[in-house]
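The structure under discussion appears below in the form of structure tokens.
Where a number appears in this text, it was derived from the coordinates with a stated rule and is not lab data. Note that the structure is a prediction, hence the values are computed from the model and not measured. Note that each Cβ is placed from the backbone with ideal geometry, even for glycine, and that neighbours are counted across all protein chains shown.
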Ligand code: 5GP
């Protein structure tokens, strides 16, 4: 139970800048580890296998689920995403903070399996800002943007289930706040 406090879940609608916030925090605090997830979706842009994700076929992914190698997994859109236990458990045992950037169903499963984890939901300053960020990314089709915006509303309804919420208005401020929450949580 005690080791759970080293686990940190960060969720946010896509386009809310969760990777940037965690990246900015880790730039200042490189001792904090980031869990690399497995997914059945294909790589986007410059994404590399084993760095951004472990890219698996649906069959390979489900074989890992069957073998109880996943701490949590969920279907998001039509694709599977999951946290390999090998990314988190030895780090938690060693007292190293490890961050999972995952969607809301996975966060609920982490909460059930590791009840002492810190869970943080990042909110965009407004829906308009979120839409502008999604378009600015230039990686998604219009259909995909509309789907992600609808999904964002559903995900944001889950924010009260998290230990804390932070508004990602200014990147560095949000990153510093996240670090402060982690310190507070682990000091308990
Ligand atoms: P994307 O395809 O944009 O990289 O990710 C889509 C969503 O899946 C994001 O909300 C992302 O945080 C989430 N995600 C990434 N890895 C995992 C994981 O290991 N487990 C779960 N449940 N969600 C994940």
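What to note about this one:
- Between region 139-153 and region 86-115, the alpha-carbon centres lie 27 Å apart.
- Computed over region 60-173: relative contact order in percent, which uses C-alpha pairs under 8 Å that are six or more apart: 23 percent
- Cα gyration tensor shape of region 84-188, rounded if a/c is under 1.5, else prolate or oblate by comparing a/b with b/c: prolate
- Every Cα-Cα pair of the chain was included, and the share exceeding 32 Å stands at 9 percent.
- Label-point separation, residue 105 to residue 60 (7 Å along Cα→Cβ), nm: 2.2 nm
- If you plug the beta carbon distance of residue 132 and residue 181 into 1/(1 + (r/R0)^6) with R0 = 22 Å, you get a FRET efficiency near 0.25.
- Helix-only arithmetic for the chain: the sum of -39500 (n - 2.57) across DSSP H runs with n ≥ 4, divided by the residue total, places the mean residue ellipticity at 222 nm at -13500 deg cm²/dmol.
- Percent of beta bridges antiparallel (DSSP, the chain, rounded to nearest 5): 30 percent
- Gain in span if fully extended, residue 46 to residue 157, counting 0.36 nm per residue against the direct Cα distance: 36.8 nm
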